[in-house]
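The values are calculated or read from the model by the stated rules, or taken from the named source; none is laboratory data. Only a predicted model underlies this, so the values are computations on that prediction, with no experimental measurement involved. Counting neighbours? That spans all protein chains shown, and the Cβs are built from the backbone with ideal geometry, glycine included.
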Amino acid sequence: MMIKIYPGKSKISCIIFMAALLSVFFYGPGVAGAARRSSSDAAFERARSLYRALMRSPVKQKYRSSWISAITAYRKVYVAYPETSYACRARYMVGKLYLGLYRYSRKKSDLDAAEEAFRTVVKKHPESYLADDAQYKLGEIYEVYRHNIERALREYNLVVKKFPSGDMVKAAKAKITVLSKKVAGRKRYHPVRHQYSAPPRKRQTSTRLVAVKDIRHWSSRDYTRVVIDLSGPVNYSNRILPEDIKHKKPVRICLDLENSYLPRSFKNRYPIGDGLLQAVRVGQFSKKVVRVVLDTQSLNDYKVFTLEDPFRIVIDALGNHVQPKAATPKPKVTIPKKLPNASLVQQLGLGIKTIVIDPGHGGKDCGAIGYRRLKEKKVVLDIARRLREELKRRHPHLRIILTRSRDKYISLEERTAIANTRKADLFISIHANAHRNRRISGIETFFLNFATDEEAVRVAALENATSRKSISDLQSILHHLMLNSKITESSNLAHMVQYRLVHRLRSKFRHVKDHGVKQAPFYVLIGAKMPAILVETSYISNPTEAKRLNNSRYQREIAKGIADGIDAYISQIHSIAMGNLK
């Protein structure tokens, strides 16, 4: 770039101009970077405050939920802000917290989680000042808790080899000196009894078994969801076992979980008896294989998929009363002959009998923490309650169900199960968006499908409380899961709600941005047997929208806008039904 000094321009004015240009060049990015960092600062500070409160309270340390709350807060930091320096610090703190939790729980899964977190720090952040600390912690885990001195020695040696200038090298060398003497002493006093060499031992990581932690289920006459909770990821196979009349065994769904084990206190049978499944049986089939069997009564179809963070296997069983392969079933429309003082839309509302509204997050899961520490879980519950009242006012005969009506934690898989078992006709999940750039604002509505851009992946990872890699892995199995899902209907519902919601808010408030309808793999929408959408009502990280979200008037207008969209969808399916009848 050339800058000319023309005659008549003073030298002083040119110097001022150059100074201004340099200040923009050098300091402008810093100012923008500070704005981008502000929301990540707040998220990390919230996690740190939970950690400090936990460390100050011996009473809180006795409760697992206190540890998990702090761990979840740190996890959300590296999921939402993976490119910041906070990502490494948050992962390290997750490992530190799981290690502290293990001292109370003595659960192997907690120790495994601590090791995994520290290894991730070493692998993903090798240049960080915490990488050598994490590698040293791995040595401590094997020395102090796993009592594997040889493996601990290898981990400490890696501190010296990988991070020769790290501040943990001196401590690692001291450990190497002590442990080397112990290993040498073992060899000296325990000679090999036979002339041949013993076969090499397998690596500790390959023989570590994953525990089956729990089995949960939600059921109705023609739908049952079974969830198998595990302490870590496993490979599995599933198949149908035909009816065995000779041994009086029904048709069974069989899953073999590799490299896993059952704790001694684990129940072997979980009775269900809902008309679809008789019971779930579980047993240690072999030394490293756990077998889970679902005894059926009227099975028509089933789907199996996995969810991450924590790892669990989900089985959706469908009964003979459900026809999942029907391409486009005719909508159920009931129009009464006489309904005084009711609009056409209100009368048509009788065709939709049940709507399930899902306020996101809750309990220990606060969701996004926005401007001035506004919590997503509180805002979306307020909006959901207002939406319930608005729909009840417009459609008195509708059954409106909230997945939670108070500040209570509900897992993502349970929310979908509630909608399916209550035979909902529509499923509306309410959320508030967040971004590390506080200037970003606007409204968007999602339906379940493959993510089409990075922003959709980011939002899905944030709401699923998992990593972007887990979203990519999930997309690879969506082909199988979505054969029978209501994609077209969900897309139509999403467009109706998005348009009406934005239109209403723009008539009342300034600067309302429309980000449109998007698609992404949200855990809470997977397996829904009805049109299902997720509404990101506004950005809680944006100061203006956070203030609005905390305002009752804005919440009422959001509820009315979503209700407008539902009314439009009801009118649409009525028009289709009337066309089919003619």
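Could you tell me which numbered condition Ala113 fails, if it satisfies all but one of (1) at pLDDT 90 or above; (2) buried (at least 20 other Cβ atoms within 10 Å of the Cβ)? All conditions pass for Ala113, except number (1). Output yes when any residue across region 235-242 is among the β-branched types (Val, Ile, Thr) and within 29 Å of the chain's Cα centre (by Cα), and no when none is. No, because not a single residue in region 235-242 is among the β-branched types (Val, Ile, Thr) and within 29 Å of the chain's Cα centre (by Cα). Got at least one residue in region 396-407 being modelled with pLDDT under 95 and either of a type outside the set (A, V, I, L, M) or surrounded by fewer than 19 Cβ atoms within 10 Å (Cβ to Cβ) (or both)? There is at least one residue in region 396-407 that is modelled with pLDDT under 95 and either of a type outside the set (A, V, I, L, M) or surrounded by fewer than 19 Cβ atoms within 10 Å (Cβ to Cβ) (or both).
Can you find even one residue in region 94-114 that is more than 30 Å from Ser265 (Cβ to Cβ) and free of Cβ contacts under 8 Å to residues at least 60 places away in the same chain?
Of the residues in region 94-114, the ones more than 30 Å from Ser265 (Cβ to Cβ) are none.
The answer is no; no qualifying residue exists.
Can you tell me which residues in region 428-477 are part of a loop (DSSP other than H, G, I, E, B) and either modelled with pLDDT under 80 or among the basic types (Lys, Arg) (or both)?
Pass one, region 428-477, residues part of a loop (DSSP other than H, G, I, E, B): 434-442, 449-453, 465-467, 476-477.
Hits for region 428-477 are Arg436, Arg438, Arg439, Phe450, Ala451, Thr452, Asp453, Ala465, Thr466, Ser467, Ser476, Ile477.
Say whether the condition of being outside any strand (DSSP E or B), in contact (Cβ under 8 Å) with a residue 40 or more places away in the chain and under 15 Å from Val210 (Cα atoms) is met by at least one residue in region 282-289. So far as region 282-289 goes, yes, one or more of its residues are outside any strand (DSSP E or B), in contact (Cβ under 8 Å) with a residue 40 or more places away in the chain and under 15 Å from Val210 (Cα atoms). Based on this model, can you work out whether Asp301 counts as modelled with pLDDT under 95, within 30 Å of Glu463 (Cα to Cα), assigned by TED's automatic domain parsing to the domain that holds Lys267 and not in a strand (DSSP E or B)? No; evaluated as a whole, the condition is false for this residue.
So, Asp309, is that one modelled with pLDDT under 90, in contact with a Pro (Cβ under 9 Å, 6 or more places away or on another chain) and of a type outside the set (S, T, N, Q) or not? Before the answer, list the steps.
On the way: modelled with pLDDT under 90: yes; in contact with a Pro (Cβ under 9 Å, 6 or more places away or on another chain): no; of a type outside the set (S, T, N, Q): yes.
Against the criterion (modelled with pLDDT under 90, in contact with a Pro (Cβ under 9 Å, 6 or more places away or on another chain) and of a type outside the set (S, T, N, Q)), Asp309 does not qualify.
The residues in region 241-278 that are surrounded by fewer than 15 Cβ atoms within 10 Å (Cβ to Cβ) and in contact with a Pro (Cβ under 7 Å, 6 or more places away or on another chain) can be counted, and the count is 1.
So that you can scan it fast, the table gives a plain yes or no per residue for (1) charged (D, E, K, R); (2) in contact with a helix residue (DSSP H, G or I) (Cβ under 9 Å, 6 or more places away or on another chain); (3) at pLDDT below 90; (4) surrounded by fewer than 23 Cβ atoms within 10 Å (Cβ to Cβ):
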| position | (1), (2), (3), (4) |
| --- | --- |
| Tyr51 | no, yes, no, yes |
| Ile71 | no, yes, no, no |
| Arg91 | yes, yes, no, no |
| Tyr98 | no, yes, no, no |
| Ser105 | no, yes, yes, yes |
| Asp132 | yes, yes, no, no |
| Lys137 | yes, yes, no, no |
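The set of residues in region 242-281 being free of Cβ contacts under 8 Å to residues at least 12 places away in the same chain, closer than 30 Å to Lys107 by Cα and assigned to a strand (DSSP E or B) consists of Pro271 alone.
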